[in-house]
Amino acid sequence: MGSLPLQHQPEARRWDPNEGFSGRLLDLLDDLVRTYYPSLLHVRHYQEWLLAEIRQGLGPFPCRHFAEAVTNPAVKADPKVNYFETDLPFPIIACDNEPTTSFFAACRAGEVLDGESMLSCLQGKRICAGLSKDGVTTMLTKAKFKERGIPFAFNNHDKRLALAGLKACHVADAAKNLDAARPASLRDELEVRIFRTMSPVNVFPFPNKSVYSHQLEGVRYTDLGEVPGIQELFAAVIQKHLESQGGGNIFDAWFRCARPPFALPNLASSLSQFSDATVVIRGSRESLESEALPKAAPDAVEGAGPKFLVAAQSLRRLNAIVLKDAALAQKTKFVLHTASPGWRFEVEYPTQAKLLELLGSVSAEVLPVRRVARSGRAKGAAQYKTQFGSCYLVQTSAWSGEKWNYLE
């Protein structure tokens with residue numbers, strides 16, 4: 001009697017730097033964490049070494065630039081000065097992502113840190129401090145680097161995630177306000193920021209926005225790795241990955257020290273929430289087709305009648321997103337195309353009620369939007385209020401538009 005044919009499940013697609021990825025989001029994240037995440041042994045070694053260095057408090061410590069004032073309102077991270085020493089608990093190198101990516105690359109390569117200090121790692125370029133390239137760094141800053149023997153290095157190039165088209169995304173953001181972390185003092189706040197900046201557990205390798213376009217469930221994101229709901233999903237995938245190898249205590253230590261802005265019990269629900277979500281990652285040069293709309297001539301008087309037209313189809317897509325995941329939508333700003341080149345229609349943290357209001361104003365498959373008054377809410381952008389609350393017109397030609405997600 002012949003044997004029954006085996007029923008094979010289709011193999012999950014893998015990340016290809018040349019081809020990108022199209023398929024289930026969780027399949028992509030599982031592949032990335034299996035292929036590009038450091039080994040359990042090295043993650044444990046690097047995180048324990050980092051915590052010991054922070055406890056010792058000698059530094060200097062790389063700390064991600066942050067815009068908000070720290071707990072002590074007299075101290076701010078000035079992007080024009082990379083090195084902080086006066087009145088701080090320990091010397092700080094205010095940095096971008098260079099220390100994060102270089103430390104993560106060394107961890108992936110399995111370099112041993114026994115006998116090393118934070119200073120010696122910076123001096124030997126195992127941790128690359130980076131330095132502002134735009135000419136604003138003062139001579140005092142350069143003197144401080146030279147005094148400590150720290151080179152102006154940007155990356156350990158032969159080990160970069162960028163070779164696979166990836167970047168190091170922070171799971172718990174090191175640059176944003178730490179209200180959720182409830183720092184008790186300036187030292188406490190800086191220790192959390194330093195840990196978030198450097199811990200390999202706080203890093204997820206994800207396709208670089210500079211190389212690939214990101215599309216999730218029909219929405220194109222400038223950088224999917226910066227979306228709060230996705231960052232929480234990163235944490236859930238890392239937790240699952242480490243626990244499967246007996247490293248749950250490593251994740252627990254990260255959670256205690258990083259104090260991320262989400263609850264530990266919610267991570268399992270994050271996996272189920274995105275269980276069927278699909279993602280398309282492809283070369284950024286392959287732009288998606290925009291909606292075909294009739295061109296609208298500008299009005300002579302600001303706010304006088306319809307000036308910008310938005311496709312009703314884009315609003316329906318956004319409404320479907322809100323219906324499917326209202327919690328995620330209310331953490332996200334969406335930008336829709338208008339018929340006028342260089343202008344976008346921003347819907348801020350949309351609710352179902354807001355979408356019903358917008359869809360109720362559609363006529364002949366377009367939404368007429370009026371520019372009502374200039375808004376100062378976006379730095380460097382020509383942004384205007386509209387007749388719809390929490391909705392704005394943004395002149396994208398006036399700025400880079402890097403922080404926005406938009407529907408095509």
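Only counting other Cβ atoms within 10 Å, I'd like 100, 278, 332 sorted with the fewest neighbours first. All intermediate terms of the calculation are to be shown ahead of the outcome.
On the way: 100 27, 278 16, 332 20.
In order of increasing Cβ crowding within 10 Å: 278, 332, 100.
Give the order of 343, 49 when sorted by the count of other beta carbons within 10 angstrom, beginning with the fewest. Each step should come with its number before you reach the end.
Numbers: 343 22, 49 19.
Lowest to highest Cβ neighbour count: 49, 343.
With +1 on each Lys and Arg Cβ and -1 on each Asp and Glu Cβ, and nothing else charged, work out how big the dipole of region 222-284 is about its Cα centre, in Debye to the nearest 20.
100 debye
With respect to the cross-link table entries 209/324; 125/240; 333/385; 240/331; 333/354; 240/324, which display a Cα-Cα separation exceeding 22 Å?
Over 22 Å Cα-Cα: 209/324; 125/240; 240/331; 240/324.
Could you please rank 375, 210, placing first whichever residue has the fewest other Cβ atoms within 10 Å of its Cβ?
Numbers: 375 15, 210 11.
Ascending number of Cβ neighbours within 10 Å: 210, 375.
Only the coordinates and a few stated rules stand behind these numbers; no lab work does. What you see is a predicted model, and the numbers here were worked out from it, not measured in a lab. Glycine also receives a Cβ, built like all others from the backbone with ideal geometry; neighbour counts cover every protein chain displayed.
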